[in-house]
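For reference, the structure discussed in these notes is given below.
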Amino acid sequence: MLRQTRFASRHFSQGILAQRRMASTKTIREALEEVIPKKQAQLAALKARHSQSVLGDVKVEHVIGGMRGLKAMLWDASVLDPLEGIRFHGLSIPDCQKQLTAAPGGKEIIAESMLWLLLTGQVPTEAETRQLSRELAEKGDLPKHVIDLIDSLPTTLHPMTQLGMGVAALNHDSKFAAAYEEGIKKSEYWTHTLDDCINLIARLPALAARIYRNVYKPGQEIPAINKDIDLVGNYVNMLGFGANHDLTEYLRLYIAIHGDHEGGNASAHTAHLVGSTLADPYLSYSAALYALAGPLHGLANQEVLRWQLDMQKELGNNITHEKIKESLWKTLKSGRVVPGYGHGVLRNPDPRFVALQEFCLTRPDLLADPVIQLVKQTSEVAPDVLKEHGKTKNPYPNVDAASGCVLYHYGLTEFKYYTVIFGVSRALGALTQLVWARALGLPLERPKSLSLEAIEKLVEGQ
Ligand SMILES: CC(=O)SCCNC(=O)CCNC(=O)[C@H](O)C(C)(C)COP(=O)(O)OP(=O)(O)OC[C@H]1O[C@@H](n2cnc3c(N)ncnc32)[C@H](O)[C@@H]1OP(=O)(O)O
Ligand SMILES: O=C([O-])CC(=O)C(=O)O
């Protein structure tokens, strides 16, 4: 009951922040200039009153167990509840679907409105969203040295490796690095960081699309950025799928809801750690992408599809729940994890999984697709199998269980590319936090480590 009341009041106050403001036409910088002093004052008050207050115990299980559950990071843009999943400044995914601006002629959240919400805590007006779309489109072209670098890479190099390299090379033009070298005041860090973050988000679609074209569709011309459409609309055009409205809408939803998942996930945390050294946003996000490229994190979406297609080949036609169950046990008995299931924090089906599955419900072509049906059937069988297996704390599907099959249906079948799309999205949250870390003057991250002997000595002395 107490938990419910606390929950309700948290959501109420965050909900106020996230109310739609009528008729405002601010730029994203102007909106941030308004909210930053308020947050700075809030942080100063917390520091003055509660620096020594206790948030929880640090147990040996935290130190040797991947810090699961340890409350050790400040992250404002989103909070993950184990049972109900992610909320962005208090708004659930269905709330965002109702409140955040879609593209003209579309229904799904666009990346710009999610970015605005994450950065400012406010739901943007339609005018603000469109203005941000234009700003991103105007800044979206890649510099020549990055085009040359990406074009010089072997097409056999994993797309995620290429993405991280391209993002790191964009730091050639880092405004923050240049300003730091000149010697700026700490209070000015955030504004140059914001420039870099906006420029990086703007350029990610062109970079990610160039990698796709080089690796999978060489020799085809990439269309120029259209200044009148949204970031994901341009991304899909550059990938070569612009004529497919449903795929464009799916990717809008995908990119909006993968944008942030509080601070402790491996990619966001990496961006924060590297950024805390005052490495510029390009270097920080490049590092984050290599965390995302691990199979226990973002690469799981590639792994899911490969595994489901193998299952389909193995089981043939008329796939039953019983046959899927046997196949799941085969995976588990071979010592592998079931990709797309389990989570470090969640203890229920991931609402992002639910949102992506719901996208399919209104589209008969998707519902009839055998791979999409197999993903759905697997999600009906796997939780009981994983419960019986008895290891995972969360037997339910995470977002990666669902994200790839719709791409596959629409002809984006190269699943080694899927984590790149995740990488275009995660920039929204990870870069938001870099702006805020600089605005709030957060320090170098440097936790204390202990040797095994030191831990033994400490606990035996208790
Ligand atoms: C966007 C995202 O990053 S979402 C996550 C994407 N990753 C995947 O889908 C990969 C499959 N899932 C997993 O490997 C895990 O569930 C993780 C990495 C996501 C979370 O890991 P943890 O927080 O350590 O999970 P948990 O505490 O439940 O693990 C306990 C045991 O269950 C096992 N387990 C967890 N999930 C699974 C799974 N899907 N299949 C089989 N075993 C599992 C763990 O490997 C661990 O085994 P161990 O005791 O032998 O080391
Ligand atoms: O929260 C996590 O640890 C993993 C995850 O789902 C994400 O980063 O989107």
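The values are calculated or read from the model by the stated rules, or taken from the named source; none is laboratory data. Keep in mind it's a predicted model, so treat the numbers as computed, not measured. So basically every Cβ, Gly included, is an ideal-geometry build from the backbone, and we count neighbours across all protein chains shown. Please note that ligands, DNA and RNA were not included when accessible areas were found on the heavy atoms of the full protein model with its side chains. Shrake-Rupley method; radii C 1.70, N 1.55, O 1.52, S 1.80 Å.
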* Rg to Rh quotient for the stretch 177-296, alpha carbon positions, Kirkwood Rh -> 1.02
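So which helices of the chain fit the span-like rule, where a helix is a whole DSSP H run, its Cα atoms reach 20 Å or more along the axis, and its mean Kyte-Doolittle is at least -1.0?
What comes out of the filter, once short or polar helices are dropped, is 2-17, 28-50, 189-216, 300-315, 370-389, 418-439.
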* Just the Cα atoms of the stretch 375-462: what Rg and Dmax do they give in Å? -> 21.3, 62
* Determine the calculated [θ] at 222 nm for the chain from helices alone, applying -39500 (n - 2.57) to every DSSP H run no shorter than 4 residues and normalising by the residue count; nearest 500 deg cm²/dmol. => -19000 deg cm²/dmol
* What percent of all Cα-Cα pairs in the stretch 300-409 falls in each 5 Å bin, counting up from 0? -> 2, 12, 25, 26, 21, 10, 3, 0
* Rounding to the nearest 20 debye, state how big the charge dipole of the stretch 300-409 is about its Cα centre with +1 on each Lys and Arg Cβ and -1 on each Asp and Glu Cβ. => 360
* To do: Select from L366, T25, S334 the residue farthest towards the positive end of the dipole of the chain; place +1 on Cβ of Lys and Arg, -1 on Cβ of Asp and Glu, and compute about the Cα centre.
  => S334
* Structure fact -> If every Lys and Arg gets +1 and every Asp and Glu gets -1 at its Cβ, then about the Cα centre the chain yields a dipole, in debye to the nearest 20, of 920
* Rank H297, V60, G166 by how far each Cα sits towards the positive end of the charge dipole of the chain (+1 on Lys, Arg Cβ; -1 on Asp, Glu Cβ) and give me just the farthest. => V60
* Which of N244, I421, G411, positive extreme of dipole for the chain (C-beta unit charges) -> I421
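Which value, in debye to the nearest 20, describes the size of the charge dipole of the stretch 48-92 about its Cα centre when Lys and Arg Cβ atoms bear +1, Asp and Glu Cβ atoms bear -1, and nothing else is charged?
120
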* Structure fact -> Taking the reciprocal of mean 1/r across every pair of different Cα atoms in the chain, the Kirkwood radius in Å is 23.1
* Could you tell me what percent of the accessible area of the chain is made up of carbon and sulfur, with a 1.4 Å probe and every protein chain present? => 56
* To do: Pairs to check: K98/K227; K39/K448; K71/K416; K71/K391. Give those whose C-alpha atoms are more than 30 Å from each other in this structure.
  => K71/K416
* Counting only heavy atoms of protein chains, what accessible area per residue, in Å², does the stretch 300-409 have with a probe of 1.4 Å? -> 46
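What order, most packed first, do the peptides 210-218, 317-325, 301-309 have when packing is the mean number of other Cβ atoms within 10 Å of each residue?
Final packing ranking: 301-309, 210-218, 317-325.
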* Might you tell me the accessible area per residue for the stretch 174-220, computed with a 1.4 Å probe and given in Å²? => 42
* To do: Would you mind checking the radius of gyration and Dmax of the stretch 236-367 based on alpha-carbon positions, in Å?
  => 17.9, 56
* **Heavy-atom accessible area per residue - the stretch 44-111, 1.4 Å, Å²** => 61
